[in-house]
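Here is the structure we will look at, set down as structure tokens.
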Amino acid sequence: MATATAELKNNDSPSEETTTTTDPTPGATPPAATIDTSTGGQKPKRNPLPLILATAILLGGGAYGFSYWSWSQTHVSTDDAYLVGNIVNISPRISGTLATLTVAEGDHVKAGQLLARLEDSSQESALRQAQAAYKSVAMQIPQAESNLQFQRASTEAAIARAQAAIQAQQARTQGAGAQVNLATATTRSQIAQAQSQVAQAQAQAAQISANIRTAEAQVNASRQAVQTASRGVGAVLARVSSAKADVYRATSDETRYAKLLQQEAVTQAQYDAIHAQAEAARSALAALNEQVAQARSQEAGARVAVSQAQATLVAARRAADAAQSQVSVARAGLDLARAGGLQVGVQESNLSATDVQNAQAQADLEAARAGNAQITLRKQQILSAQADLTRSAAALKTAQVNLRDTYLYAPSAGTVVRKTVNAGTSISAGQTILAMTEGDKLWITANMKETQLQNIRVGQTVEVDVDAFPDKKFKGVVATLNAATGASVSLLPPDNATGNFTKVVQRVPVKIALVPSTGGDKWATAEDFTRLRQGMSTVVVVDTADKQAHPERVPKNFDRLTNKGTVVVSARK
């Protein structure tokens, strides 16, 4: 620009003017190029307009270049971007023939809408068979339980009766045996035993008399202990009176010395000595009070001992009376024992009869216990019926599931994008018959160069141009940055370990969530979003001016499937 301006100034300088010269040679004709007939002999000026235009173009180009450079510092863009959404493949769980297909490609469906139905005649037949088998087995269980209860009740009753009979017979046998033994053994020993009892009763009476004398001595000793304890209480009380006087005197001295100490009439050491004496007197008084309590406790204990000794004496005297009565009873028993020998023969006959009855009762018990085997058999029948019922229930459940699986429903609202079979086609389990979109959830996958990722953050604003709608701009936000490049997860990733290496800029998928905008006519609204289709080409521009991530700007679940997978089998109602 400076050069052009200087040239313009040189062209306008008077030093560049052309003058008319004459040839001194007579008769010579002057050159035509040196004669300016239109300007009176002066050289014409150059037009400055081209130079001005060139200068303006250079300035405009420089301004545009600087503006683009500034814009490129805070924006990155790519045209390797496409609209993406969730595609749900509809396939049955069971094999069969497709009976009806209720939708076609391009149809909009609601969540839970019937999409297709398989032939279900075999499934219905299997369901009826499973229901009949389940009812048949279910009816067997109550009958088996009733049989078990009856068998258990009858067996338990029979065993109880037999055991009761055995116990009664054993009691009779034991009684008869005891009676025989008593009749035989006691007949020989009752006389000697009765005589021994008489001697024991007499010895016991003598012992009780000795106990009476001992009890009387204990009463006298306890009374002496009471007197001794009473004298001890009196002695301690006398010492308590003296100790109280000492405490009173020491406390008075302590109070007086405390006042003198405040008046600084005595020293602290003198006061401490008087204070120690007062504390010692109070401690001595407390110890004497404890001794008084102990002495009184001893006196009370001695009095209790007197009462106990007196009670023992009374009991001993009563026992003496009872011992005399026992002597009389023992003598009467001796007379009775001498007359008991006549019962031995009768008891031996009774014992022989009970042995036969005992054997019969034992046989009845064994017969009753044989019913436990029938109870075990009944339990096994119930367990077998319950196992059959479980198998029948599982078969019924399977038949119900198979019948429900002949109906295929839409797992979510969406649009049918592909139909692979027609009615009447035989299909296998897991074979895709329809493909549909999951609602209106769309986002953009932009394959950004690895050199563009330095400033891209989650939540940054994105301006989207869709090739199909050039008059509208769509707004979005950066949702995620993939953790791997597209080449690293491709079916055949590049292997650069051998041969020549050519560096290729890698691309990383960046997911962009679309958000409706209400600002201006150029921005796409929510209604415009309904016109978008998966796979459309786009151009995205990411505003990277804000270097902070803002995950809160990303819409939640903008790309999530409502079902648990991409292959959806019959959604049951």
Most exposed to least, judged by fewest other Cβ atoms within 10 Å, Glu216, Glu552 sort to Glu552, Glu216
Counting Lys and Arg as +1 and Asp and Glu as -1, each charge on the Cβ, what is the dipole of segment 123-351 about the Cα centre in debye, to the nearest 20?
680
Add +1 for every Lys or Arg and -1 for every Asp or Glu among the other residues with Cβ under 11 Å from the Cβ of His275, and state the total.
-3
Modelling each spin label as a point 7 Å along the Cα-to-Cβ direction, I'd like the Glu119/Ile52 distance in nm, to one decimal.
9.0
Segment 123-351, relative contact order [Cα under 8 Å, separation at least 6], %:
42
Less than 14 Å Cβ to Cβ from Leu377, Lys/Arg counted +1 and Asp/Glu -1: what total charge do the surrounding residues give?
+2
List the aspartates and glutamates whose alpha-carbon lies under 17 Å from that of Lys379, not counting same-chain residues fewer than 8 positions away?
Glu145, Glu156, Asp388
How high is the relative contact order of segment 83-168, in percent, with contacts defined as C-alpha pairs under 8 Å that are six or more residues apart?
20
Do me a favour and compute the ellipsoid semi-axes for segment 123-351 from its Cα gyration tensor, root of five times each eigenvalue, largest one first, whole Å.
82, 54, 9
Cross-link candidates for Lys259: which lysines have Cα within less than 29 Å, leaving aside residues fewer than 8 places away along the same chain?
Lys244
Run the numbers for His550 and Ala99: contour at 0.36 nm per residue of separation, minus the present Cα-Cα distance, in nm.
157.2 nm
If I take all pairs of Cα atoms in segment 47-186, what percentage of them are more than 24 Å from each other?
78
What are the ³J(HN,Hα) values, in whole Hz, obtained from phi via the Karplus relation 6.51 cos²θ - 1.76 cosθ + 1.60 with θ = phi - 60°, for each residue of segment 288-302 in sequence order, with x given for Gly and Pro?
5, 4, 5, 5, 4, 4, 5, 5, 5, 5, 5, 5, 4, x, 5
Write down the radius of gyration of segment 218-321 and its Dmax, each obtained from C-alpha positions, in Å.
23.5, 85
Cross-link candidates for Lys45: which lysines have Cα within less than 26 Å, leaving aside residues fewer than 8 places away along the same chain?
Lys9
Given R₀ = 22 Å, what would the calculated FRET efficiency be for Ala245 paired with Val304, taking r from the Cβ atoms and rounding to 0.05?
0.05
Once you've got the Cα coordinates, tell me which of Lys449/Lys556; Lys449/Lys503; Lys472/Lys547; Lys475/Lys556; Lys449/Lys473; Lys110/Lys441 are over 21 Å apart.
Lys449/Lys556; Lys472/Lys547; Lys449/Lys473
What's the extension gain from Asp440 to Arg418 if we count 0.36 nm per residue and subtract their Cα-Cα distance?
6.3 nm
Estimated inter-spin distance, Gln380 and Gln167, nm [label 7 Å along Cα→Cβ]:
3.2
Residues with amide H under 5 Å of His75's amide H, sequence separation 5 or more or different chain, H placed in the peptide plane at 1.01 Å from N; which?
Thr544
Can you grab the distance from the C-alpha centre of segment 288-327 to the C-alpha centre of segment 388-458, Å, no decimals?
100
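Each value in this text was obtained by applying a stated rule to the coordinates, not by laboratory testing. None of the values given here were measured: they were computed from a predicted structure. Neighbour counts are summed over all protein chains in view; Cβ atoms, including those assigned to glycine, are modelled from backbone coordinates with ideal geometry.
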